[in-house]
Amino acid sequence: MTERVLFFPWGWGGGAAYTGRCLALASVLAEAGDEVAFADCGINAMVREAAFPLLDSAPEAPRPPDRHPMPPYLPFADVERVFAVAATYHRVERVQRRFAADARLIEAYRPTLVVIDMCPTAALAARAAGLPVVSLADADFITPRANGWMPWSTVAPRDLLPHPSSLPVWDRLSRELGLGRVTRAEHLLWGDVTLVSSLAALEPVDGPPHRGALHFVGPMYWNPPVHSGAPAPPRTDRPRVYVTIGSGGTVGRPALQNVLDACADQPWSVYVSSGFAFEGDLNVPGNAVLTGFTGLDTPLEWADVVVDHGGSATVLATLLHGKPQVVMPYMSEQEMNGRQLVEETGSGVLLRTSATNPYGRLTFSDRYSGPSGQPCVGVDDIRKGIAEVLGDAAYTQQAAHWGARLRECRATTDLVALAHSASSSAGEERR
């Protein structure tokens, strides 16, 4: 049996990983014979490049802007703060408009299955229409743990980002739809089937499923072919450093320039994916090749060490390839990935950590230079981090260990069968 599948990826605040994860699942479903389309709530340029149909919402529907200014660090402590602050879903009229847009797209496309990645309005619209929902998630999206995106924080999430709560809005809308109360924002992101693109041993959820079935399926990320004419990673006998610090949505030019400066005059060969949203001149050293938005697999196979921002897709793809990494985070979830998936596993180093004081203020400390008031990690710390990882084979050994486990998980996971099982799961729940 085939399905007609409509995807709703999250796009607020950058988040190429969300759209990429949807594209990864869409590709295997389409190959299996399913009909696939995307709502226009993610990063639409990625969907267009992948050549999947893209459905337009009504002009008045809230949708992510193409470009938007970002602070040097985003202290989202949990999913509710992401909804309230990134998309301003503490405003009832914005939630109602996005819900109405999602419901209209569902009515027009007539899917038999809806897939969400961090999109609560689409989840509610699908359930109100009686449709099964597959949720793609990180473990911290759905954990019941306090400060799920930032568990080292010692203050309440609203002390760091004091927007009004979105929870009363979700609860009101859900009850109006006859779907029951919403007591936690994370509950909106549980599907009839929920797929976590990791391992339980790496990222435990810390609680039973709120609804449906939970499956850890290994890394899911989009790997488009390198653009025609883009330079390939160079052939070299030198240590190989791959740099990928995001799609450009959350990381600015100064941070990338610091990485380039850290690599200048070093005995390394450097390949840099600068993303699709960077603008402005960069001073590129002679030992570096700078390109745009590329796939991950080719440069990861090439690299000896990876310098990244701690994004979930990048960190897990790097582990999948068994490569050690140097993480320089620009938001709380990226820092948590660096702490949990890199430092705790012994597969690399985290260059910057944050701490909270009792007044809801953040302080930062860099790995080698200590407390810092600078907006991003300095050149010397980046250079030392790369040198440390290249100089200690234990980092590579640990990365290879976790890579083998992740590859085994992916090899034994049938994504099509798991996604299709949402239809039977939803039917059993309704009965």
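The values are calculated or read from the model by the stated rules, or taken from the named source; none is laboratory data. These numbers were taken from a predicted model, which means no experiment stands behind them. For neighbour counting, all protein chains shown are included, and Cβ atoms are generated from backbone atoms with ideal geometry for every residue, glycine included.
A few notes on this one:
- The one condition in (1) in contact with a strand residue (DSSP E or B) (Cβ under 6 Å, 6 or more places away or on another chain); (2) charged (D, E, K, R); (3) in a helix (DSSP H, G or I) that Lys323 fails to fulfil: (3)
- Tallying residues that are among the hydrophobic types (A, V, I, L, M, F, W, C) and closer than 17 Å to Asp78 by Cβ within the range 312-359 yields 2.
- Criterion (on the phi < 0 side of the Ramachandran plot, out of contact with any Gly (no Cβ under 7 Å at 6 or more places or on another chain) and surrounded by 15 or more Cβ atoms within 10 Å (Cβ to Cβ)) met by exactly one of Leu406, Leu415: Leu415
- Verdict on Gly13 being part of a loop (DSSP other than H, G, I, E, B), farther than 26 Å from Gly246 by Cβ and either free of Cβ contacts under 8 Å to residues at least 12 places away in the same chain or assigned by TED's automatic domain parsing to the domain that holds Ala185 (or both): no
- Residue match in the range 66-83 (condition: hydroxyl-bearing (Ser, Thr, Tyr) and surrounded by fewer than 24 Cβ atoms within 10 Å (Cβ to Cβ)): yes
- Residue within the range 371-383 that is surrounded by fewer than 17 Cβ atoms within 10 Å (Cβ to Cβ), in a helix (DSSP H, G or I) and not charged (D, E, K, R) present: yes
- Total residues in the range 5-23, condition more than 13 Å from Ala137 (Cα to Cα) and among the small types (Gly, Ala, Ser): 4
- Filter result (of a type outside the set (A, V, I, L, M, F, W, C), in contact with a strand residue (DSSP E or B) (Cβ under 9 Å, 6 or more places away or on another chain), surrounded by fewer than 23 Cβ atoms within 10 Å (Cβ to Cβ) and not in a loop (DSSP other than H, G, I, E, B)) within the range 334-363: Arg339, Glu343, Thr353, Ser354, Thr356, Thr363
- All of Asp159, Asp171, Asp206, Asp192 fail the test of being among the acidic types (Asp, Glu) and in contact with a Pro (Cβ under 6 Å, 6 or more places away or on another chain), apart from Asp192.
- For the range 284-320, a residue qualifies if it is over 16 Å from Pro224 (Cβ atoms), within 20 Å of the chain's Cα centre (by Cα) and in a helix (DSSP H, G or I), and the qualifying residues are Ser312, Val315, Leu316, Thr318, Leu319, Leu320.
- Qualifying residue in the range 84-105 (condition: assigned to a helix (DSSP H, G or I), among the hydroxyl-bearing types (Ser, Thr, Tyr), farther than 22 Å from Val205 by Cβ and modelled with pLDDT of 95 or more): no
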